[in-house]
1. Name all residues of the stretch 193-208 having a backbone nitrogen under 16 Å from the label point set 7 Å from the Cα of D158 along its Cα→Cβ direction, giving them as ranges.
2. Given points 7 Å out from each Cα along the Cα-Cβ axis, report the E127 to H221 separation in nanometres with one decimal.
3. Could you work out how far apart the two model spin labels at V82 and I149 are, taking each label as a point 7 Å from the Cα in the direction of the beta carbon, and quote it in nm?
4. Of the options N185, H204, T225, report the single residue whose Cα projects farthest towards the positive end of the charge dipole of the stretch 179-236 (beta-carbon charges: Lys, Arg +1; Asp, Glu -1).
5. Whole-Hz ³J(HN,Hα) for each residue in the stretch 7-15, computed from phi via Karplus 6.51 cos²θ - 1.76 cosθ + 1.60 with θ = phi - 60°, x for glycine and proline: what do you get?
6. Could you compute the FRET efficiency for E230 and D54, with r as their C-beta to C-beta distance and R0 at 35 Å, rounded to 0.05?
7. Could you calculate the FRET efficiency of H16 with K213 from 1/(1 + (r/R0)^6), where r is the beta carbon distance between them and R0 is 35 Å, rounded to 0.05?
Amino acid sequence: MAMTDELTHLVCLFHHQDQAAAATEDLYKQGIPPTSIAVIGDEGQEHAAGSALDEFGIPARDRQHLLEGIRNGGVVVAVSTVQGHVSAVEKIFGSHKATKIDDAVVTPKAAALSVGAEDETTIPLVEEELAVGKRTVDQGGVRVYRRVIEIPIEESIDLREEHVVVERNAVNRPVTDADLALQGNQVFELTETAEEAVVGKTAHVVEEVVVGKTASERTEHIHDTVRHTEVEIEEIQPESELRTPVKTN
């Protein structure tokens, strides 16, 4: 926070853009004019962040912290207001979990930690471990269908038939003993025969399809990353040195 004869500059860092947007909306509702509010690091302004911070007379140490916070996705909201609105602005910043300019900004994806009135603060250091296991997954397979189909075929065979032929011939010869033996009633039969085709089928196993599974093993090398938390300890200068009044012309 820097003060002039008429205006007080309050600069705070938000680690999430939605927090900065909500705080800015509350500042408008409080009656702070838009021309007195600067949003630094939002909507592609990162390249101009350094120049924007210089306009508010931010000390070099705090300027570096703010720039690092912006690079990590944070947004700086700066307000130039009269002394009567300072308390309301600070309350709005606090309600949206802003980080003051003298709070340390640590590594990306980590929260900013500050020590207040309490005697000590516990900072957990988290370290990830890689756990590699295995599971069975379906990789497809083979489905075998067995069905009976009919195929027309043609074969040839010779068949024999017998037919009775009756002939009557006129003769004139003397009677013989054989002729006399045939005296009396007698019946003579001759049977006609014929061959017909007889079809039979026999089955033979001509091929076997064996369906089974074989197993093999392979070694897969897993490449991944694990994270661990680091802390950086930096000495904080007295507050009186940090918040030096900046006078405007």
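Just so it is clear, none of the values below were taken in a lab; they were calculated from the coordinates. Here the structure is a predicted model, which is why all the values come from computation and not from measurement. So basically every Cβ, Gly included, is an ideal-geometry build from the backbone, and we count neighbours across all protein chains shown.
1. Answer for the stretch 193-208: 195-197.
2. 2.5 nm
3. 9.8 nm
4. So the residue furthest toward the plus end is N185.
5. Ordered by residue, 3J(HN,Hα) equals 10, 10, 9, 10, 10, 9, 9, 10, 7 Hz.
6. Step by step, r from the Cβ atoms, then E = 0.70.
7. Working: r = 54 Å, r/R0 = 1.54.
Taking R0 as 35 Å, the efficiency between H16 and K213 is 0.05.
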